[in-house]
Amino acid sequence: MKQVHLICIGCPLGCPLTAELEDREVRSVTGNTCKNGEKYARKELTHPTRIVTSTVRVSGGELAMVSVKTASDIPKDQIFDCIHALKDVEVPAPISMGQVILPNVAGTGVDIVATKAVRRSRAGS
């Protein structure tokens, strides 16, 4: 049986977790103060995922960039594919918070959404 040590990120406590694995299957998790710890450890060791945050360029907006994120978590091994897909994205203003900026990023089935609103630039009006 193999032991893996993790720090839980499921809540602000940051519990030190110990998971026991056998044949790539999580047999037990200890050290968690709440139920989030066990859930986190099992997911992290069998199917790790992350929310990706970044920025994309804005044309004709009061801001040159808008912050974006994945609408939900994606497999950890697809993070760089996601970031690469955002490299040349530029969106026209106005942009609303929650607006889909790039659907189905890198074939993950997850959309990239704006995390803030950007108004059109008043310059030249």
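The values are calculated or read from the model by the stated rules, or taken from the named source; none is laboratory data. The structure displayed is predicted, hence computed values, not measured ones. FYI the Cβ positions are ideal-geometry reconstructions off the backbone, even for glycines, and counts take in every protein chain you see.
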Which of the following residues is over 14 Å from the mean Cα position of the chain (by Cα), assigned to a loop (DSSP other than H, G, I, E, B) and not assigned by TED's automatic domain parsing to the domain that holds residue 7: 123, 85? 123
Of all residues in the range 49-77 being among the hydrophobic types (A, V, I, L, M, F, W, C) and in a strand (DSSP E or B), the one that is farthest from the chain's Cα centre (by Cα): 58
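Could you say which residue among 76, 69 is surrounded by 14 or more Cβ atoms within 10 Å (Cβ to Cβ), basic (Lys, Arg) and at pLDDT 95 or above? Quick ask: steps written out before the conclusion?
On the way: 76 fails: surrounded by 14 or more Cβ atoms within 10 Å (Cβ to Cβ).
69 is the lone residue from the list that is surrounded by 14 or more Cβ atoms within 10 Å (Cβ to Cβ), basic (Lys, Arg) and at pLDDT 95 or above.
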